[in-house]
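Since the structure comes first, as structure tokens, the remarks are kept for the end.
The values are calculated or read from the model by the stated rules, or taken from the named source; none is laboratory data. Nothing here was measured: the structure is a model prediction, and the numbers come from that model. Note that each Cβ is placed from the backbone with ideal geometry, even for glycine, and that neighbours are counted across all protein chains shown.
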Amino acid sequence: MDGVTLEIHEGEFTAIVGPSGSGKTTLLNMIGGLDHPTKGTVHINGTDISELSDNEMIDFRLKNIGFVFQAYNLLPVLTAEENTGFIMQLQKRPKSEIKERVHKLMADVGLEDRMHHRPSEMSGGQQQRVAVARALASKPAFILADEPTANLDSSSTNNLLDIMARLNKEENMTFIFSTHDQRVIDKARRIIRIDDGKVISDETDPNK
Amino acid sequence: MLSLLAWRNIWRNRRRSLITMASVLFAVFFAVFLRSMQIGTYDNMIENVVGYYSGYIQVHKQGYWKEQIIDHSVEYSDSLLTYFDQIDGVTQAQPRLESFALGAYQNATKGLMVNGIVPEKEDVMMNLSEQLIAGEYIQSDDKAVILSSGAADYLKLGVGDSLILLSQGYRGVSAIGLYPVRGIVELKSPLLNNNTVFMPLAEAQWFYGAEGRITSYVFLLDGNRDTEDVQQTIQQTLDTTQYEVMDWTEMMPELVQAIEADSTGGQLMLFILYMIITFGIFGTVLMMTAERIHEFGILLSVGMSRLKLGITLVMETVFLAVNGVIAGMIAVTPLVLYFHYNPLRFSGGAREAFEEFGFEPILPASVDPSIWLTHAWIILIIAAVISFYPMYVVFRLKPIDAMRK
Amino acid sequence: MKNIITIAWRNVWRNRLRSGLVITSIALGIWAGLFSISFSYGLNAQRTRNVIQNVISHIQIHHPSFLQDRNAKFVIPQADQITAYLDTAKGVKAYTSRLLINGMASSARGGNGVLITGVNPETEQNVTQIHDQVITGTYFEASYKNQIVLGKRLAEKLNVREKSKIVLTFQDNLGNLVTGAFRVVGIFESSSSKFDEVNVFVKTSDVYNLIGTDGGLHEIAILMKDDEQVEPFTARLSDNFEDSDIETWKEISPELGYADEVMGLFLYLFLTIIMAALAFGIVNTMLMAVLERKRELGMLMAVGMNKKRVFAMILSETVFLAAVGGPIGIAMAFGSVQYFGTTGIDLSLWGEGLKNFGIDTMVYTQLSPEFYPNIGIMVVVTAILSAIYPARKALQLNPNDAIRSI
């Protein structure tokens, strides 16, 4: 990263775009507290996360950040329902609250009939939808999605993006993507282009 | 070429290989240490009883050993002794007259084994004079005795006191004598130390009414002789209807069996240990094979023969084992050497327990290289057998299926 | 925490083969360890029982100086009062009185050192087993005077059989050497050939004539009905009869009791070695299990599973492996110990050598109950210690690296 200053607000549906090696993953990792800038700070909801210790950072992520990764999102030994409620369980929410929210989200992503299936019994697209449901379940400040569609075919991709766009509008949930998938870029409202660690352009389309 | 491949393959997963090697190290370390202590103890015991006392080979009248009574003595032959002395492997042969006697001093009585000996010769074999803890050594023409300390304590006599000896002599004559105690020795074997009396041969012969007779020729052999060879040489020249030639395993089979019984216990323990380690190595190999199925598929597809691949895998397992073995042996050697030169000594209750069973209360370690070799072989065989599994997998593998995984 | 435990448990079964292998090795290791220990204890117990039943009994009473200085004049003080007390004492199964003399037994063939025991045949039968082990002749059932019962090994050595003449030579209470002619009435064979070679039995009454102790006794041996009663009863006896030396079998033969202690120590050492060997396998397995889940673990730490929980998860997985293998091994051990505890193991192969140590060829395995929970604890501790390295490795994973896209 080379002299980047960014502000992202609540409710955004933003894609960070760039070729391989451009630094977009690094940027995303810094936003998510998985990596630290050598110079500069990262503030989330007012908290300077570069000051936090490893353990505090984990805890912060637990409470404030949702993640959807390209792969390996889910615990293979848990069912879709259990995976979805996982973060909330880590947050020690009451069982009834978890159950209610999980059921709602499973419906939102269209997977009520897969609730008791394990990841090995689901397609790639279905697994990513569960990942989204999980990230949302704990009501984080924002959701970071690192190339979530990279391993999916067209129809799964569109499906997933539709769900995320809908949830962005309905729940006012902030989504930040790192991607070089054109379909994602097309759907994004704000596009930040990165190359060689620098921000090349930063455009918002109010119509989306 | 294959071995280079095998060697490098091991180090692909350094941690796992190191841990597997460590487990082999552990097993070898412990196995060699235990066995060397055990065998050291047995050697010591044998040395104390056989080396210092009964001798590795004895010649008696045919049938003497079964019924050890004085009537089964033979006439002493000087020429026979000279002949024995010059046999290859024999340091010296010495005559003895051994029998039982009741020893009494004031109001105490004890059964004793009387040893009529040639003092100078006996000294060469047993270092008897060096084991004196009181008094002096006897000479051939003395009419005095040396008593073992256990017997002396029991009878409550010391140097200068006179011991009454009472027995039944040759052809049933009464044997009675009064002998001053010239010296007291402490014998290493606790059992022997409790009831042994040494007397000059001539005097013993007079005491038992067995002039000119002895019960055995005892042999002291050279350092690294082969007992069997010497025994055979003697047997070939002697008239075996008149004489019997026995080695210590024939004379004291219960000693052999006691050692074997104890040894079996140790071997059982090691068996259990090896079994556990085998599981561990097998688990490692199993996982390694499963992980690399894809890679095997590729190798077979590009043209590596199944045999070559299989051999490489066998070598990997063997290398792991060999490394562990070498490391284990290096690790254990200083410990064994230390205990070889500084045996563990026991005192108090433990000492008594040892002595009750007739063992000197020390734990020395043996440095016999065959111990090292045996356990190296065991591990290698285990490794070789285990490596049949990956071989088997390779031979049954269909490259297409493998590459899908 | 509950969900961590659920996840850990399910993780164990992800790779059934690998977990199965570890569990099997734990179970086998424990079973083998416990079984061999039970074998040793069985061996020892049997030897102790033998010695108590055939030689030393539970309690022995002597004159205080007798054991140091085996002078025939050291007879038990107040012997009559003691026997009267024992006649009415509860808990006493049987008792007998003896004379003990070192001497020589000789025949026309030769002589041998012997311990001459003067017995009262009726009471002696209740306390030792020699009468049952007579293989030729009878146990003092003939009508002639000066009957002697001796061991098979000795009979062979002296070349005597039933009705042969034996001359006994020994010291009387004044220190005079005395000889007496006896006639062999019975020959016995016990489980120890050494015993058979060195012990002869005669009637006390026959000895009195020769030795002149006016009916004094050297030793009273007592068998109690209940092992637990031995120590308290000995204490009571000592209080009542302060002039005599009253000892339990443990005091008479400390190495018997000591053997058990030494063995206990040694066997725990053995178990520790087994645990250590198992630990290698467990560490290796868990390490593999952690490293192959690098991405998954990275993901967990990214989404907010803190280090404590990750550590707990790995630890739980390890403990579960032990918690399955352990009980199986313990159950197998318990079953086999119980089975061979009643049926016994036949050791005829080593028959000869064992006889010299006074051990019968049948051994009954036994294991005191505290071994089971103790080894359970050892297994759990081993599992926990083994888990530390893999769990720390898991914590060292950087969530960032772990999920980096391809």
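Determine which single condition C:Ser65 fails, assuming it passes every other condition in (1) surrounded by fewer than 16 Cβ atoms within 10 Å (Cβ to Cβ); (2) within 22 Å of C:Asn126 (Cα to Cα).
So the condition that C:Ser65 fails would be (2).
So C:Arg70 fits all but one of (1) in a loop (DSSP other than H, G, I, E, B); (2) more than 30 Å from B:Gln106 (Cβ to Cβ); what number is the exception?
(2)
Please work out if A:Thr14 is farther than 17 Å from C:Pro399 by Cα, in a loop (DSSP other than H, G, I, E, B), out of contact with any Cys (no Cβ under 7 Å at 6 or more places or on another chain) and of a type outside the set (Asp, Glu).
no
Among the candidates C:Ile52, C:Ile76, C:Ile101, C:Ile61, single out the residue that is assigned to a strand (DSSP E or B), touching a His at 6+ places or on another chain (Cβ under 9 Å) and among the hydrophobic types (A, V, I, L, M, F, W, C).
Criteria check complete, one pass: C:Ile101.
What number of residues within the range B:237-259 are surrounded by 15 or more Cβ atoms within 10 Å (Cβ to Cβ), of a type outside the set (S, T, N, Q) and within 12 Å of chain C (Cβ to nearest Cβ)?
Going through the range B:237-259 one residue at a time, the tally reaches 6.
For the range A:42-73, enumerate the residues that are facing another protein chain (nearest Cβ under 7 Å), within 15 Å of the chain's Cα centre (by Cα) and part of a helix (DSSP H, G or I).
A:Arg61, A:Leu62 - these are the residues of the range A:42-73 that are facing another protein chain (nearest Cβ under 7 Å), within 15 Å of the chain's Cα centre (by Cα) and part of a helix (DSSP H, G or I).
Would you confirm, using the coordinates I've provided, whether B:His340 is closer than 22 Å to B:Ile19 by Cα and surrounded by 14 or more Cβ atoms within 10 Å (Cβ to Cβ)?
Against the criterion (closer than 22 Å to B:Ile19 by Cα and surrounded by 14 or more Cβ atoms within 10 Å (Cβ to Cβ)), B:His340 does not qualify.
Criterion first (touching a strand residue (DSSP E or B) at 6+ places or on another chain (Cβ under 9 Å) and either within 14 Å of another protein chain (Cβ to nearest Cβ) or surrounded by fewer than 17 Cβ atoms within 10 Å (Cβ to Cβ) (or both)) does C:Arg183 satisfy it?
The answer is yes for C:Arg183.
Return yes when A:Pro76 is modelled with pLDDT of 85 or more and within 8 Å of chain C (Cβ to nearest Cβ) and no when it is not.
yes
Scan the range C:8-17 for residues that are within 8 Å of another protein chain (Cβ to nearest Cβ) and surrounded by 21 or more Cβ atoms within 10 Å (Cβ to Cβ) and report the count.
1
Got at least one residue in the range C:32-46 being part of a strand (DSSP E or B) and either among the hydrophobic types (A, V, I, L, M, F, W, C) or more than 11 Å from chain B (Cβ to nearest Cβ) (or both)?
The answer is no; no qualifying residue exists.
Pairs only if they're at least six apart or on different chains, beta carbon under 9 angstrom, first in the range B:189-212 and at negative phi and without any contact (Cβ under 8 Å) to a residue 12 or more places away in the chain, second surrounded by fewer than 21 Cβ atoms within 10 Å (Cβ to Cβ) and in a loop (DSSP other than H, G, I, E, B); list them, first residue then second.
Listed by first residue and then by second, the contacts come to B:Trp206/B:Lys143.
Does C:Leu28 count as buried (at least 19 other Cβ atoms within 10 Å of the Cβ), of a type in the set (A, V, I, L, M), touching a strand residue (DSSP E or B) at 6+ places or on another chain (Cβ under 9 Å) and within 10 Å of chain B (Cβ to nearest Cβ)?
It is false that C:Leu28 is buried (at least 19 other Cβ atoms within 10 Å of the Cβ), of a type in the set (A, V, I, L, M), touching a strand residue (DSSP E or B) at 6+ places or on another chain (Cβ under 9 Å) and within 10 Å of chain B (Cβ to nearest Cβ).
Quick one: in the range C:100-111, of everything that is crowded, with 20+ Cβ neighbours inside 10 Å, closer than 19 Å to B:Leu155 by Cα and among the hydrophobic types (A, V, I, L, M, F, W, C), which residue is nearest to the other protein chains (Cβ to nearest Cβ)?
Among them, the one singled out is C:Met104.
Which members of the range C:128-167 meet the condition of being under 14 Å from C:Val202 (Cα atoms), touching an Asp or Glu at 6+ places or on another chain (Cβ under 7 Å) and not in a loop (DSSP other than H, G, I, E, B)?
C:Gly151
Is it true that B:Gln94 is touching an Asp or Glu at 6+ places or on another chain (Cβ under 7 Å), closer than 21 Å to B:Glu250 by Cα and not β-branched (Val, Ile, Thr)?
Yes.
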